[in-house]
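Peer 1: If you scroll down you'll find the structure; I have some questions about it.
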Amino acid sequence: MTQTLLVLGSANADLVVEVGRRPAGGETVLGGDTVVLPGGKGANTAVAAARVGASVALVGAVGGDGYGALLRESLESSGVDTALVKTSERPTGIAYITVTPDGENSIVVSPGANADVSKSDVDALSFEGASVLTCSLEVPLETVIHAIDAASRAGVRPVLNLSPVAELPAETLRQLNVLIVNEHEAAQLVGSDWRDLLRLGPTSAIVTLGSRGAAVVAQAGVVEVPSIEVDEVVDTTGAGDAFAGALSARLAEGDNILQAAKYAVKVAALSVTKAGAQPSYPTAAQIASLG
Ligand code: RIB
């Protein structure tokens with residue numbers, strides 16, 4: 001293993017349709033043409049990190065189908081090492097996504113091959129050369145818990161994007177170097193005082209605040225990192241994954257958490273100005289040009 005960043009998580013084909021508004025229960029609305037794009041929280045995180053220059057490998061699974069080929073192509077063309085992405089008997093995971101005119105999305109995920117990412121895949125990993133392992137939760141929870149434990153024992157810093165939210169063992173939370181949650185997840189976990197996130201056990205935490213940026217929670221206190229202004233919000237799909245990927249990339253390069261968060265809010269902000277998740281992620285040069 002020569003990659004400094006390992007990402008463990010899902011890879012999905014995103015079937016995206018624009019709608020004027022979301023249907024209520026029992027209602028049908030007509031939308032635009034369906035667009036198929038590479039997505040999945042793990043693959044998105046890995047691609048976002050690679051685009052800003054990280055040396056990154058994804059641990060995950062896709063099916064032996066066309067959607068799996070689409071994902072491999074997106075990962076590889078972005079520079080993500082896919083040697084640890086296995087081909088499952090199950091179909092590639094699919095996310096059914098509706099996007100409304102304000103750029104907001106609603107998502108239903110059919111996990112498919114992602115359900116096959118297993119503890120034995122973690123046991124087969126070499127952590128040699130890695131400094132950060134970043135996980136998200138569209139793969140089996142027991143695999144994520146096992147990976148965080150293995151990374152922690154190997155001296156690799158575990159980062160967890162707790163999305164979608166799930167209950168974790170106290171020991172897993174204590175092993176985390178960085179816990180990433182959004183405002184709603186933070187409220188579910190600890191209420192309104194974000195400093196209490198550290199009482200759960202992680203060394204530090206980040207609360208993502210959408211268009212407002214992010215808050216870094218460390219022993220020294222809470223520091224808000226404002227976002228940058230963007231002209232137009234086209235699609236917020238995968239913005240949280242863009243943040244997690246860029247943050248992880250910078251941590252693996254040796255930035256402290258505040259420096260990494262300042263960089264990651266810019267990456268997340270640019271990602272909402274284009275459609276889709278992976279196709280919207282900026283390069284290091286684009287971030288540098290912001291000054
Ligand atoms: O976070 C955005 C991602 O969530 C989408 O790409 C979709 O695949 C779902 O996993």
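Peer 1: Is it true that some residue in the range 104-116 is surrounded by fewer than 23 Cβ atoms within 10 Å (Cβ to Cβ), modelled with pLDDT under 95 and more than 12 Å from the ligand (Cβ to nearest atom)?
Peer 2: Yes: the range 104-116 contains one or more residues that are surrounded by fewer than 23 Cβ atoms within 10 Å (Cβ to Cβ), modelled with pLDDT under 95 and more than 12 Å from the ligand (Cβ to nearest atom).
Every residue, every condition in (1) modelled with pLDDT of 95 or more; (2) surrounded by fewer than 22 Cβ atoms within 10 Å (Cβ to Cβ); (3) over 17 Å from residue 159 (Cβ atoms), yes or no:
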| residue | (1), (2), (3) |
| --- | --- |
| 217 | yes, no, no |
| 222 | yes, yes, yes |
| 226 | yes, yes, yes |
| 232 | no, yes, yes |
| 244 | yes, no, no |
| 247 | yes, no, no |
| 255 | yes, yes, no |
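Peer 1: Please name all residue pairs, on different chains or six or more residues apart, with Cβ atoms under 6 Å, provided the first residue is in the range 1-25 and is over 20 Å from residue 147 (Cα atoms) and within 15 Å of the ligand (Cβ to nearest atom) and the second residue is among the small types (Gly, Ala, Ser) and not in a loop (DSSP other than H, G, I, E, B).
Peer 2: Short answer, once both residue conditions are applied: 12/39; 12/93; 12/95; 14/39; 14/95; 17/31.
Peer 1: Next question, about the same structure. Return only the number of the condition from (1) buried (at least 19 other Cβ atoms within 10 Å of the Cβ); (2) within 16 Å of the ligand (Cβ to nearest atom) that residue 172 does not satisfy.
Peer 2: Among (1) buried (at least 19 other Cβ atoms within 10 Å of the Cβ); (2) within 16 Å of the ligand (Cβ to nearest atom), residue 172 violates only (2).
Peer 1: Could you check the range 1-19 and list, in sequence order, the residues that are surrounded by 12 or more Cβ atoms within 10 Å (Cβ to Cβ) and part of a loop (DSSP other than H, G, I, E, B)?
Peer 2: Those that are surrounded by 12 or more Cβ atoms within 10 Å (Cβ to Cβ) and part of a loop (DSSP other than H, G, I, E, B): 1, 3, 4, 9, 10, 11.
Peer 1: Do any strands (runs of 3 or more DSSP E) entirely within the range 180-291 hold 1 or more residues that are within 15 Å of the ligand (Cβ to nearest atom), and if so, which?
Peer 2: Correct list: 204-208.
Peer 1: Only one of these conditions is not met by residue 155: (1) of a type outside the set (Val, Ile, Thr); (2) under 22 Å from residue 238 (Cα atoms); (3) part of a loop (DSSP other than H, G, I, E, B). Which number is it?
Peer 2: Failed condition: (2).
Peer 1: With respect to residue 48, is the statement that it is farther than 15 Å from residue 249 by Cβ and among the hydrophobic types (A, V, I, L, M, F, W, C) true? Talk me through it step by step, then tell me what you get.
Peer 2: Details: farther than 15 Å from residue 249 by Cβ: no; among the hydrophobic types (A, V, I, L, M, F, W, C): yes.
No, not satisfied.
Peer 1: Criterion first (within 22 Å of residue 289 (Cα to Cα) and either touching a strand residue (DSSP E or B) at 6+ places or on another chain (Cβ under 9 Å) or among the hydrophobic types (A, V, I, L, M, F, W, C) (or both)) does residue 248 satisfy it?
Peer 2: Yes: the conditions hold for residue 248.
The values are calculated or read from the model by the stated rules, or taken from the named source; none is laboratory data. Predicted model only: the values in this text are computed from it and were never measured. With ideal geometry, Cβ positions are generated from the backbone for all residues, glycine too; neighbour counts draw on all protein chains shown.
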